[in-house]
Amino acid sequence: MTQRPTDAARASETPRPPSLPRQAWNLARSLAQFVADGCRTIGEDDYRRRLEICDGCYARRGDRCLKCGCRLSMKARARALRCPLDKWPPVASGVCQGVCDVR
């Protein structure tokens with residue numbers, strides 16, 4: 001069985017964002033998921049929890065995730081969107097801050 005590298009080991013690899021075509025694809029897919037979910041956002045506590053998880057991640061640079069290329073301040077707000085590294089806890093179905101209430 002092979003071991004997965006730790007965040008500390010990955011941090012030393014200097015991650016790079018995905019290519020521009022991949023970022024465009026990721027954005028289009030995220031927008032489609034957000035619209036399909038009724039443009040629902042999560043509550044302030046869940047939003048802060050997601051960003052706190054990102055704070056300790058090797059792939060975060062400022063407001064950007066270097067794994068998917070997304071702006072974290074926007075991606076973390078959308079109920080339907082997920083961390084590309086599966087670090088965010090699932091959001092309970094039906095729990096949302098509002099419809100198209102992205103700030």
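The values are calculated or read from the model by the stated rules, or taken from the named source; none is laboratory data. Here the structure is a predicted model, which means the values were calculated and not measured. Heads up, the Cβs are rebuilt from the backbone with ideal geometry, glycines too, and the neighbour counts pull from every protein chain shown. We work out accessible area using only protein heavy atoms, side chains counted, and drop any ligands, DNA or RNA first. Shrake-Rupley method; radii C 1.70, N 1.55, O 1.52, S 1.80 Å.
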*Do you know which residues across the stretch 47-75 are of a type in the set (Lys, Arg), more than 17 Å from ALA24 (Cα to Cα) and part of a helix (DSSP H, G or I)?*
ARG48, ARG49, ARG50
_Qualifying positions in the stretch 23-57 - within 13 Å of the chain's Cα centre (by Cα) and among the aromatic types (Phe, Trp, Tyr)_ = PHE34, TYR47
*Test: residue in the stretch 34-50 that is at pLDDT below 95 and in contact with a helix residue (DSSP H, G or I) (Cβ under 9 Å, 6 or more places away or on another chain)*: no
*Run LYS87 past the list (1) touching a helix residue (DSSP H, G or I) at 6+ places or on another chain (Cβ under 6 Å); (2) in a helix (DSSP H, G or I); (3) open to solvent by 40 Å² or more (accessible area, probe 1.4 Å) and report the number of the one that doesn't hold.*
(2)
